[in-house]
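Every number here is computed from the coordinates shown, using simple stated rules; none is lab data. Computed from a predicted model, the values in this text were never measured in an experiment.
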Amino acid sequence: MGRLLALDYGKKRTGIAITDELQLIASGLTTVRTFELIDFLKEYTEKENVQKFIVGEPRQMDNTPSESEALIGPFLNRLKKVFPHIPVERHDERFTSKMAFQTMIDSGLKKKKRRDKALVDEISATIILQAYLNKI
């Protein structure tokens with residue numbers, strides 16, 4: 001079995017989370033600058049067996065796509081072209097940033113560390129991936 005890799009795609013940064021090979025546990029991997037994301041994924045998939053990409057799907061409260069979906073569409077097309085052998089699934093990412101921030105507070109991180117938007121993105125990707133695992 002391969003790993004599942006989740007992306008919390010953003011205009012500037014993308015948070016990345018990964019499962020273990022048995023797909024039981026979601027863990028934060030890193031945050032990369034979005035313009036470097038495809039290169040990072042190429043390197044990572046050469047070393048690790050990635051079975052599927054899970055990409056966060058930003059939605060409004062009324063379940064319509066958010067404005068950032070316009071940025072994600074072209075990225076998804078490129079992802080599918082570069083990695084045609086790896087399927088892509090979407091998963092609702094509503095409230096993940098708020099949940100990530102609360103997780104940081106609950107874990108006792110200092111205020112300065114909680115301002116680290118890259119860490120928020122990585123935790124958000126982990127929340128997306130864990131929610132996906134809970135669903136399957």
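What are the ³J(HN,Hα) couplings of the range 11-22, residue after residue, when phi is run through the Karplus curve with 6.51, -1.76, 1.60 and θ = phi - 60°? Round to Hz, x for glycine and proline.
For the range 11-22, the Karplus-derived couplings read 4, 9, 10, 10, x, 10, 10, 9, 9, 6, 5, 8 Hz, x marking Gly and Pro.
Which cross-chain or sequence-distant (5 or more) residues have an amide H under 5 Å from the amide H of GLU57, H modelled 1.01 Å from N in plane?
For GLU57, whose amide H was placed from the backbone, the distant partners under 5 Å are HIS91, ASP92, GLU93.
I'm checking a number: the convex hull volume of the Cα atoms of the range 1-72, normalised per residue, in Å³. What is it?
97 Å³
Quick one: Karplus J couplings for the range 29-43, per residue in order, coefficients 6.51, -1.76, 1.60, θ = phi - 60°, nearest Hz, x for Gly and Pro?
9, 5, 10, 10, 5, 4, 5, 9, 4, 4, 4, 4, 5, 4, 4
Hey, can you grab everything whose amide H is under 5 Å from the amide H of GLN23? Only 5+ residues off in sequence or another chain; H modelled, so Pro and N-termini drop out.
none
Scan around THR30 for amide H atoms under 5 Å from its own, H built in the peptide plane at 1.01 Å from N, and keep only partners 5 or more places away or cross-chain.
ILE16
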